[in-house]
Amino acid sequence: MSESIFLLPDVGEGLVEAEIVAWKVAVGDVVTLNQPLVDIETAKATVELPSPYAGTVTALHGAVGDVMVVGAPLVVIETGAQSATASPSTPAAPDAAPASVGAGRTPVLVGYGVAEDDAVVTRRRRRVAPVEKAPAPVVASVTASRPTRSTPPVRLYAKQHGVDINTVTGTGRDGLITRGDVERSIAGASAPATSRAPETTTRFVGRELESWSTGPLEERIPVRGVLRSMADAMVQSAFGAPHAAVWVRVEATGTVALLEGLRGRPGLAGVRLSPLTIVALAVCDAARHFPGLNSSFDAPAQEVVVRRRVNLGIAANTPRGLIVPNIKGADTLDLRAMAVAINELVDVARAGTTTPEAMLHTTLSITNVGPFAVDGAVPILPPGTGAIIAVGQVAKRPWVVGDDVVARPTVDLSMSFDHRQIDGALASAAIAHIGRFITDPAAAIIGG
Amino acid sequence: MISDELVQLLTPEGERIAHPEYASDLGHEEILGLYRDMVIVRRLCNESTSLQRQGQLALWAPLQGQEAAQIGAGRALAPMDFSFPSYREHGVAWTRGVPPRDMLRIFRATTTGGWDPQQYRHSLPMVVLGDQTLHAVGYAMGVQRDGADEAVMTFFGDGASSQGDVLESFVWAASFNAPVVFVLQNNQWAISEPTSLQTKIPLYHRAHGFGFPGVRVDGNDVLAMYEVAKRALDNARAGGGPTLIEAYTYRMGAHTTSDDPTRYRVDAEVEVWRHRDPIERVKALLAREYGVHKATFDEVAAEAEQLALQLREDVLAMDAPDPTMMFDHVYAEAHPLVEAGRREMIELGIGGSH
């Protein structure tokens, strides 16, 4: 006897998740080949999944209403030794918890989508180019070694300039690496002094909106997937945890100089560095000095939980929407390891392959709003965390040195915290500590 | 020339009816053969849908409801005739002898083809809407120039009938009196767009405007489809030029596995067509007129089941190809730019050694 695991397949040419609508079998049921197991709802359709194996159901993953990631285990079936033919999907995939990831991706069926709640089609939606997705016949392993996305001319350009395209962060649509990204990489502009907000975007709640002139006067978009998880988390946090905020503007000369000095070092070849790298180190350092920062309020237990390990959440703006995956044990990482971990987290998020596990058990978070060309933000806490730090753009601003006003790179840092257990004094001390780290990272590293 | 009558020789209840122009002279064995074809392609189609739902195919375009239109037309083809399908014509491919596993290769994305078109006289599935009609007319013009005793048949849908390519192919076919039969399977829905929004007149009327005959057939009546298609092919071979056959049918399932028809059409409509099932009426005819017993039907079902299991086994055994394979047949001969692309892909570690 052997166990065969049925992984949630992509049933619609580029889908990333599906919601369980109804189970048609229970643990212990004997099922035949192609017997309906479960109804799932994707962004495109509600479909019935037939069993790829004959045998006895030994485990069902996810409850009705749970959103499952494509590639996650769905059903485990104990098969007889004789049914060895049907073993396409028995990888050693980790037991992924149901998670609210992805969705809102506009249907990519050939042709036009249809109006929700409208039996007769009266208007057309924008035709959306299919997303890159290897239509993998074998349902296992959706995250493994995904090739970097770019276009042949840009690849060539990168190659001609000796840039490893795999180290470039794409800023184009769906993380596509553009010529500009490569140029920035060549210029070593990992810390752009001036960020630029996009002049226009029709991207909203994980989909492409029609333009102001061609779209319908009113459009209703179902709350699903990433949008739903963001909405749930924000409501839970905003109305469950009393927020307060502190902020500070600090000189970033030391950070800018440090990044400049590290650029091009052989030991850091291929590693993208940015002010976020330094802020991440600073936040972990602040947690070490002010452990109360890395805490959460467990209301049902009436306990405050202090954790001596930082799982550092990094808010990532992905094509599917906002997600906050975390770096486990970030407080144990040195500069290089931190940079590598951030790069990987961002690349995986942009590729849409963030695992549910990567989003669990965040203790402390950073939201880096600098790339959007704003100075700061007052963020809402991810549920179950005590503090979140927002980092604005690093830019030259008037700065008072002695009695003179000079131009210096500065950055605004703000921190929202759960005022049930963290008070203003602790928060202020912690943000000031992070600020000092940014201003003079060398001093902080040697023992500050 | 324009007849509003639907050519039907067998009612949904399985009773023969007379038509002034067409009559079926197929016998017991031949009708049982058509029945077997339809049962098998439906069963293979169900298995393919399951394989897609299990993550084994990237996509599948089901043919349920259109078995008679495809089997009737496909069986009317002579061995040396050439057919040009769209992407849903698995039934036609079956009549041409294409092994079912080869039909699924492209849907598993293990090839950009699947079979040798010359071997089966059946071209590869065309996904670009309506393109195949131009290929068919061009081929038919070649047949004319060869002086060959062959006809050409091409398949497309009501959605494709709105495409410029299809209308251009009508112009060329008419101008050159090409030996081509256009089989328009009007399954009522172009994905989510109903036929009523695409045309203000019955689609077969369009042929008249181009200068060749059009005929509407009950696409769920395999006997009528066979007779009308056969006469149109004979006419083409005899120099009579093109014919448009509108097979009036219904897509019982989704457009493809990526589609959810419940979002745009009502169950009542599907229910109406369920009573016009193309297989049930032939089964009723066989039982009543030829005394075919349950044992025979069971045999056919068992054969279909066996073929479905074989298909599953064949599909699961298909390995992913080297991605650089896609460069293999872009041009007939090696092309420096294509070769550069292949090399670059290998350097990037995406493809293997080739």
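FYI, it's all coordinate maths here, none of it is from the lab. Note that the structure is predicted; figures quoted are calculated from it, not measured. For neighbour counting, all protein chains shown are included, and Cβ atoms are generated from backbone atoms with ideal geometry for every residue, glycine included.
Some points to look at:
- Each residue of the stretch B:7-20 was assigned a 3J(HN,Hα) from its phi angle through the Karplus expression (A = 6.51, B = -1.76, C = 1.60, θ = phi - 60°), giving 6, 9, 10, 9, 6, x, 8, x, 9, 6, 10, 7, 10, x Hz with x at Gly and Pro.
- Farthest towards the positive end of the charge dipole of the stretch B:28-320, among the residues B:SER50, B:GLY138, B:GLY113, is the Cα of B:GLY138, using unit charges on the Cβ of Lys, Arg, Asp and Glu.
- Label-to-label distance, B:ALA301 versus A:THR332, with points set 7 angstrom from Cα along the beta-carbon direction: 6.1 nm.
- Those lysines that a straight Cα-Cα span of less than 23 Å connects to A:LYS44, excepting residues fewer than 8 apart in one chain: A:LYS24, A:LYS133
- Orientation-averaged projection of the stretch B:20-179 equals 10.7 nm² [convex hull of Cα atoms, one quarter of hull surface area].
- When the charge dipole of the stretch A:2-83 is built from unit charges on Cβ atoms (+1 for Lys and Arg, -1 for Asp and Glu) and taken about the Cα centre, the candidate among A:PRO52, A:PHE6, A:MET68 whose Cα reaches farthest toward its positive end is A:PRO52.
- Reachable lysines from B:LYS294, criterion Cα separation under 25 angstrom, eight or more residues apart if same chain: B:LYS283
- Considering only A:LEU268, A:GLY225, B:PHE156, the residue lying farthest towards the positive end of the dipole of the protein assembly as shown is A:LEU268, judged by Cα position with unit charges set on Cβ.
- Under 5 Å, built H, 5+ apart or other chain: amide partners of B:ALA190: B:THR195
- Residues whose amide H falls under 5 Å from that of B:ALA247, counting only those 5 or more places apart or on a different chain, are B:LEU184, B:GLN185, B:ASN186, B:VAL217, with hydrogens built in the peptide plane.
- Pairwise FRET efficiency - B:ARG343 versus A:GLU78, Cβ, R0 = 35 Å, nearest 0.05: 0.15
- Paramagnetic reach from B:ASP116 in the stretch B:124-165 [backbone N under 16 Å; point 7 Å along Cα→Cβ]: B:124
- With a Förster radius of 30 Å applied to the beta-carbon distance between B:SER175 and B:SER196, the computed FRET efficiency rounds to 0.45.
- Compactness ratio for the stretch B:8-66: Cα radius of gyration over 2.2 N^0.38 Å (N = residue count) comes to 1.57.
- For chain B, the mean residue ellipticity at 222 nm estimated from helices alone is -14000 deg cm²/dmol, where every DSSP H run of n ≥ 4 contributes -39500 (n - 2.57) and the total is divided by all residues, rounded to the nearest 500.
- Legend: translational diffusion of the stretch A:204-347 by Stokes-Einstein, Rh = Kirkwood radius over C-alpha pairs, 4 °C, 1.567 mPa s; D = 70 µm²/s.
- Electrostatic tally near A:GLY55: other residues with Cβ closer than 11 Å to its Cβ, Lys and Arg +1, Asp and Glu -1, net -3.
- Label-point separation in nm, B:GLU289 to A:THR178, each point 7 Å along Cα→Cβ: 6.7 nm
- Over all distinct Cα-Cα pairs of the protein assembly as shown, the Kirkwood formula returns a hydrodynamic radius of 30.1 Å.
- Counted charge near A:ALA22, where neighbours are those whose Cβ lies closer than 13 Å (Asp, Glu -1; Lys, Arg +1): -4
- Debye log10 I(q)/I(0) at q = 0.11, 0.13, 0.17 Å⁻¹ for the stretch A:2-83, Cα point scatterers: -0.25, -0.36, -0.60
- Residues in the stretch A:15-28 carry Karplus couplings, in order, of 7, 10, 7, 8, 9, 6, 9, 7, 7, 10, 9, 10, 4, x Hz; the curve used is 6.51 cos²θ - 1.76 cosθ + 1.60 with θ = phi - 60°, and Gly or Pro positions show x.
- Here's how it looks for B:LEU57: its modeled amide H is under 5 Å from those of B:GLN52, which are all 5 or more places away or on a different chain.
- The share of alpha-carbon pairs in chain B lying farther apart than 25 Å comes to 54%.
- Ranking of B:SER162, B:SER169, B:SER196, A:SER213 by count of other Cβ atoms within 10 Å, fewest first: A:SER213, B:SER196, B:SER162, B:SER169
- A Förster distance of 60 Å, applied to the separation of the beta-carbon atoms of B:GLU269 and A:HIS361, puts the FRET efficiency at 0.75.
- Whole-angstrom Cα spans of the stretch B:304-354 along principal axes, big to small: 48, 25, 10
- Summed residue charge, Cβ within 13 Å of A:ALA341's Cβ, Lys/Arg positive, Asp/Glu negative: -1
- Per-selection Rg to Rh, the stretch A:226-445 - Cα, Kirkwood hydrodynamic radius: 0.96
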